[in-house]
Amino acid sequence: MNPPTTTATRAETGRSRRARQRSWRSLSLTVPGDRPDLLAAIRRLVLAHTLDCGATEANAEDIELCVSELLTNALRYTEGPARLEISMHDGMMFLAVSDTSTRTPGPSRSAGGESGRGLHIVNKVAHEVEVRAYPWGKTVAVSLPLR
């Protein structure tokens, strides 16, 4: 005779599935190069997504700031579209913004002014920043801990 087996109720199965989904969440989108007007909507989406993933409000705002700076740079300084990918795993949020420019990002050469500080801001806020060069363009990858 086989030992009795236990089966999870539907509610228990749903909770464990939701728990697994919360441990790994992702968001990705492509922004056309001629649509910088979408940035405000994307910032709101990123903020809502990161809060839903369990980020504190302050942490979600840091993530939103990094996305805003990286996407703005990608749309301002390149011709093609920009690709945003966000994923969360093991208490870390990972951001990647890819564009079609092969130029390595760096500080602006102009003195003063409003431009040239985006990557500097991201470096101050993020845990780790990495620029990956490819024949077709580059990706700026950022990680931030969820607090």
Query raised in the report: Of all the residues that make up region 43-88, how many are over 18 Å from A126 (Cα atoms) and not in a helix (DSSP H, G or I)?
Result: 6
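Looking at region 19-53 only, could you name the residues that are closer than 18 Å to D90 by Cβ, crowded, with 16+ Cβ neighbours inside 10 Å and either over 14 Å from the mean Cα position of the chain (by Cα) or modelled with pLDDT of 90 or more (or both)?
Matches in region 19-53: L27, H49, T50.
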Query raised in the report: Would you call E85 buried (at least 16 other Cβ atoms within 10 Å of the Cβ) and either touching an Asp or Glu at 6+ places or on another chain (Cβ under 8 Å) or modelled with pLDDT of 95 or more (or both)?
Result: yes
Requested in this report: Please find, within region 55-71, the residue that is surrounded by the most Cβ atoms within 10 Å (Cβ to Cβ) out of those that are out of contact with any strand residue (DSSP E or B) (no Cβ under 8 Å at 6 or more places or on another chain) and over 16 Å from V131 (Cβ atoms).
Outcome: A60
Requested in this report: Kindly list, by first and then second residue, each pair from a residue in region 84-97 that is in contact (Cβ under 8 Å) with a residue 60 or more places away in the chain to a residue that is part of a loop (DSSP other than H, G, I, E, B), limited to pairs with Cβ atoms under 8 Å and residues at least 6 apart or on different chains.
Outcome: M88/C53; M88/G54; M88/L146
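The values are calculated or read from the model by the stated rules, or taken from the named source; none is laboratory data. Everything numeric here is computed off the predicted structure, so don't read it as measured data. So basically every Cβ, Gly included, is an ideal-geometry build from the backbone, and we count neighbours across all protein chains shown.
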